[in-house]
Amino acid sequence: MNKNIELFGLFFKLGLITFGGGYAMIPQIKESIVEKKGWITEDDMLEMIAIAESTPGPVAINMATYIGYKQNKILGSICATLGVVLPSLIIIYLISLFLEQFMANKYVQYAFIGINAAVAFLIIKAGLNMIKKMPKKVIPIAVCSVVFILVLLFKFMQISFSSIYFIIIGGVLGIILYSVSQAKKMKNKVDDKNDEDNNLGGSDND
């Protein structure tokens, strides 16, 4: 099958059957792209989510564009992006033709209550899976912990704080902690080199 057609068909299906936005789509993308297709690794998936969340636009569209580009460059990214966008566009257009009657239907309202509960579970599951796959190193754990504590703190204190600032905080903390870590490694290498030189100098004197 042509790669572009495959990308379009796969993301069209994901866009058609997934409710709740990009976060709810993450488990479906992981199952289809990582486990079944093997197009990207789980580490790539974590990086892709971070990039998709940090760049402008819906996370699902950004993820589709990223995966499409990795598979078949610009044409692949266009096909994947169109695939994930078209189902929502078609469905929203059809619903808009009779929106008031649609939303007034009690069965539709009941369905949305169930969908909301399912979406919440999918988002929590995606978050837990990301935490499990996160590298168990000091820097990722420290950044995750600090941002998580700040989110809870601001929530309890009812302080309005845009998520973009949490992303910036995470990025700045990552840069600072990584720089400190690299500086320590360089210092240790220099100290080890000096110790070796001193030991060699002592041996020569003997």
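General observations
- Residue list for the range 31-44, restricted to those being at negative phi and at pLDDT 80 or above: 31, 32, 33, 34, 35, 36, 37, 39, 40, 41, 44
- Residue match in the range 8-18 (condition: under 17 Å from the mean Cα position of the chain (by Cα) and outside any helix (DSSP H, G or I)): yes
- Some residue of the range 73-95 being at pLDDT below 80 and either in contact with a Phe, Trp or Tyr (Cβ under 9 Å, 6 or more places away or on another chain) or surrounded by fewer than 15 Cβ atoms within 10 Å (Cβ to Cβ) (or both): yes
- Selection from the range 30-63 of residues that are open to solvent by less than 80 Å² (accessible area, probe 1.4 Å) and more than 23 Å from residue 171 (Cα to Cα): 30, 31, 32, 33, 34, 38, 39, 40
- Within the range 43-77, being in contact (Cβ under 8 Å) with a residue 40 or more places away in the chain, over 10 Å from the mean Cα position of the chain (by Cα) and more than 18 Å from residue 28 (Cβ to Cβ) holds for 43, 72, 75, 76.
- Residue 187 vs. criteria of a type in the set (D, E, K, R), over 23 Å from residue 55 (Cβ atoms) and more than 25 Å from the chain's Cα centre (by Cα): yes
- A residue that is open to solvent by 70 Å² or more (accessible area, probe 1.4 Å), modelled with pLDDT under 80, touching a Leu at 6+ places or on another chain (Cβ under 8 Å) and among the charged types (D, E, K, R) occurs somewhere in the range 124-134.
- Residue count for the range 140-172 under the criterion of being closer than 18 Å to residue 130 by Cβ, within 16 Å of the chain's Cα centre (by Cα) and open to solvent by 80 Å² or more (accessible area, probe 1.4 Å): the result is 1.
The values are calculated or read from the model by the stated rules, or taken from the named source; none is laboratory data. Remember, it's a predicted structure, so these values are computed and weren't measured experimentally. Cβ atoms come from the backbone with ideal geometry, glycine included; neighbour counts cover every protein chain shown. SASA here: full protein model, heavy atoms, side chains in, ligands and nucleic acids out. Shrake-Rupley method; radii C 1.70, N 1.55, O 1.52, S 1.80 Å.
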